[in-house]
């Protein structure tokens, strides 16, 4: 018997939002990959894009490879029995972002290569495309090199396993400030304005819209009590820590996430970020998080030092590759 080879397996080209059965297949593949790897294979934004079709001005394209009934056959049109992997390309006028996920049962047989080749055939060129590798795997690096992609950005995943440091409600807060929870139906507009100000330098986070916010508020993990706001005496938002609980997966305990911490410019430099981070960690611990993780830019030295001072350590990396025309 020869080794399976995905080079001729069928590829379906789809446009999100995906219909119910295909979306279910994609979600099952994502769950299997996350259970095997301990980290999601694609970003939250891509997961939402599969379901909704993306934000205004975006097009979410999906290329899906299906395994034949006999995965060892080289028949180019075999009977389809399972989703082996898919690529999601989110396009807008500003950028094109690519992510891939391969089912653990179909790895190391060319599924990723099949997807990348089909994408290049369909698009004509991959010049300018940015591709994420979550976990910075050797397979993803090899595939990137084959298609002329180079590393342009690195996100660190940092993890805290030691007990959280306790902090009282007013510990470290500027005079007249307090911490309260986000109130759905009341705080959306004020938080969006604070978020845009805090992340004016960060196009992904700073550009979040009301639609983006509502999509995340509709997610099963959303907990308004864990969405902490630091407000002044007039209830204006000075900073925030949006926490997230990730449920336990097979072999992986429940963990918390420092989802977003932001401080508006007028309140920066006062220690508010550290106080909010500590309070969020405390909240996550109280709600069953065995470990707490966060994402930060690898070259953001002040942020890395802050998180290290709280006990976080570098655990893993997500790497962005870009296909430049010269390659």
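Among the residues here, residue 244 qualifies as outside any helix (DSSP H, G or I), crowded, with 17+ Cβ neighbours inside 10 Å, touching a strand residue (DSSP E or B) at 6+ places or on another chain (Cβ under 8 Å) and at pLDDT 95 or above. For the range 85-121, filtering for residues that are buried (at least 16 other Cβ atoms within 10 Å of the Cβ) and in contact with a strand residue (DSSP E or B) (Cβ under 7 Å, 6 or more places away or on another chain) leaves 22. In the range 247-267, what residues are over 21 Å from residue 158 (Cβ atoms) and assigned to a loop (DSSP other than H, G, I, E, B)? 250, 251, 264, listed by residue number. Being touching a helix residue (DSSP H, G or I) at 6+ places or on another chain (Cβ under 8 Å), assigned to a helix (DSSP H, G or I) and crowded, with 19+ Cβ neighbours inside 10 Å is a property that residue 284 has. In the range 41-57, the residue that is surrounded by the most Cβ atoms within 10 Å (Cβ to Cβ) out of those that are at pLDDT below 90 and in contact with a helix residue (DSSP H, G or I) (Cβ under 9 Å, 6 or more places away or on another chain) is 54. The residues of the range 58-81 that are modelled with pLDDT under 95, in contact with a helix residue (DSSP H, G or I) (Cβ under 8 Å, 6 or more places away or on another chain) and surrounded by 14 or more Cβ atoms within 10 Å (Cβ to Cβ), listed by number, are 58, 67, 71. Considering only the range 301-313, I want to know if a residue exists there that is in a strand (DSSP E or B) and at pLDDT 90 or above. Yes: one or more hits. Looking only at residues in the range 22-40 that are part of a helix (DSSP H, G or I), within 10 Å of residue 101 (Cβ to Cβ) and in contact with a strand residue (DSSP E or B) (Cβ under 8 Å, 6 or more places away or on another chain), which one is modelled with the lowest pLDDT? Of everything passing the filter in the range 22-40, 34 is modelled with the lowest pLDDT. Tell me yes or no: at least one residue of the range 165-178 is assigned to a helix (DSSP H, G or I) and at negative phi. Looking through the range 165-178, none of the residues is assigned to a helix (DSSP H, G or I) and at negative phi. Among the criteria (1) touching a residue at least 24 places away in the same chain (Cβ under 8 Å); (2) not in a loop (DSSP other than H, G, I, E, B), the one residue 189 does not fulfil is (1).
The C-beta contact set for the range 105-133 (first residue assigned by TED's automatic domain parsing to the domain that holds residue 82 and in a loop (DSSP other than H, G, I, E, B), second residue modelled with pLDDT under 95 and buried (at least 21 other Cβ atoms within 10 Å of the Cβ), distance under 6 angstrom, 6+ apart or interchain) comprises 109/6; 110/6; 126/323; 127/323; 129/323. Only one of the listed residues (136, 170, 142) is at pLDDT below 90 and assigned by TED's automatic domain parsing to the domain that holds residue 43. That residue is 136. Please work out if residue 253 is in the same structural domain as residue 226 (by TED's automatic domain parsing) and either free of Cβ contacts under 8 Å to residues at least 40 places away in the same chain or surrounded by 21 or more Cβ atoms within 10 Å (Cβ to Cβ) (or both). So residue 253 fits the description; yes.
Here residue 269 clears all of (1) surrounded by fewer than 20 Cβ atoms within 10 Å (Cβ to Cβ); (2) closer than 21 Å to residue 305 by Cβ; (3) free of Cβ contacts under 8 Å to residues at least 40 places away in the same chain; (4) in contact with a helix residue (DSSP H, G or I) (Cβ under 9 Å, 6 or more places away or on another chain) except the condition numbered (4).
The values are calculated or read from the model by the stated rules, or taken from the named source; none is laboratory data. For clarity, every value in this text was computed on a predicted model and none was experimentally measured. Heads up, the Cβs are rebuilt from the backbone with ideal geometry, glycines too, and the neighbour counts pull from every protein chain shown.
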